[in-house]
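Data first, discussion second: the structure below is written as structure tokens.
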Amino acid sequence: MHPFRRMSKTPRSNIVRLGNREIITQGLSSGFWTDLYHRSMSVSWPVFFASAALIFIALNGTFALVFLLGDEPIANVPTGNFMDLFYFSIETLATVGYGDMHPQTHFGHFVATTEIFIGMSLLAVMTGLIFARFSRPRARFVFAQKAIVTMHDRQPTLMIRVANARHNTLSNASATLWLIRAEQTAEGQHLRRYYQLELLRQENPVFALTWTIFHVIDQTSPCSG
């Protein structure tokens, strides 16, 4: 994987975001069907509900077409009327059942039974996904737009300021600062290395408003020079 500027020919499924950078993955399958839960949890709310609506419409349309294969399987439906069968499919999938239309053949009862089972399963899945999305804990931290290097106690110091955007108090908050740097080995191989920066204070017993993180740039610091 390597950072790049996105080109129009690159599929979105091969792009992974890392902060404000986009990384293209080569030789890595997207695994769309094997990781639906992660995609359902990570997409935005409009995309989530739009996808659920499209699946709902497509599923009801499929069952309406299946009902068309039978010989008048549903009562009070004109022969070959797709929209009435589509509306009946919605009533069945949602387990509403207004009563005007109902299965009247073994074929109709079998398809309706299958659709009710699928509808109950989808309802349970949607309820679980919506609850999981609502119940995810999310910290609301606001970082300063720029980190600065200035003198602190007569030593050059890297400073990063963070604020608690919620009106609460976080106890025993901890901070870890890493430096990610592109380097080249003696053999000419390019790689990324991670350095943990030592902080003047890594823990904050009461984080209510703001917290400035200090890293002294001395001779042992990876930021030296």
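The values are calculated or read from the model by the stated rules, or taken from the named source; none is laboratory data. Computed from a predicted structure; not experimentally measured. As a convention, Cβ positions derive from the backbone with ideal geometry for all residues, glycine included, and neighbour counts pool all protein chains shown.
Residue-wise test of (1) hydrophobic (A, V, I, L, M, F, W, C); (2) surrounded by fewer than 14 Cβ atoms within 10 Å (Cβ to Cβ); (3) part of a helix (DSSP H, G or I).
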residue: VAL47; (1), (2), (3): yes, yes, yes
residue: LEU54; (1), (2), (3): yes, yes, yes
residue: ILE57; (1), (2), (3): yes, yes, yes
residue: ASN60; (1), (2), (3): no, no, yes
residue: VAL66; (1), (2), (3): yes, no, yes
residue: GLY70; (1), (2), (3): no, no, no
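Those strands (runs of 3 or more DSSP E) of the stretch 114-173 in which 3 or more residues are of a type outside the set (A, V, I, L, M) occupy 155-164. Being free of Cβ contacts under 8 Å to residues at least 12 places away in the same chain and either over 40 Å from the mean Cα position of the chain (by Cα) or not in a helix (DSSP H, G or I) (or both) is the filter here; which residues of the stretch 93-111 pass it? Once the filter is applied, which keeps residues that are free of Cβ contacts under 8 Å to residues at least 12 places away in the same chain and either over 40 Å from the mean Cα position of the chain (by Cα) or not in a helix (DSSP H, G or I) (or both), the stretch 93-111 yields VAL96, GLY97, TYR98, GLY99, HIS106. Condition test on ARG140, is it under 30 Å from LEU36 (Cα atoms), under 26 Å from the mean Cα position of the chain (by Cα) and not hydroxyl-bearing (Ser, Thr, Tyr)? Judged against the criteria, ARG140 is a match. Among the conditions (1) under 25 Å from PHE110 (Cα atoms); (2) modelled with pLDDT under 95, the only one that GLN26 does not satisfy is (1).
Of the residues making up the stretch 39-63, those that are touching a residue at least 40 places away in the same chain (Cβ under 8 Å) and among the small types (Gly, Ala, Ser) are SER40, ALA52. Of all residues in the stretch 72-81, which are surrounded by 13 or more Cβ atoms within 10 Å (Cβ to Cβ) and either in contact (Cβ under 8 Å) with a residue 40 or more places away in the chain or not β-branched (Val, Ile, Thr) (or both)? Within the stretch 72-81, GLU72, PRO73, ALA75, ASN81 qualify. For ALA175, the test of being closer than 19 Å to ALA147 by Cα and within 32 Å of the chain's Cα centre (by Cα) is passed. Here LEU177 meets the list (1) touching a Phe, Trp or Tyr at 6+ places or on another chain (Cβ under 9 Å); (2) surrounded by 15 or more Cβ atoms within 10 Å (Cβ to Cβ); (3) not assigned by TED's automatic domain parsing to the domain that holds SER40 almost entirely, failing just condition (1).
Among residues of the stretch 180-225 being in contact (Cβ under 8 Å) with a residue 40 or more places away in the chain and among the aromatic types (Phe, Trp, Tyr), the one that is surrounded by the most Cβ atoms within 10 Å (Cβ to Cβ) is PHE207.
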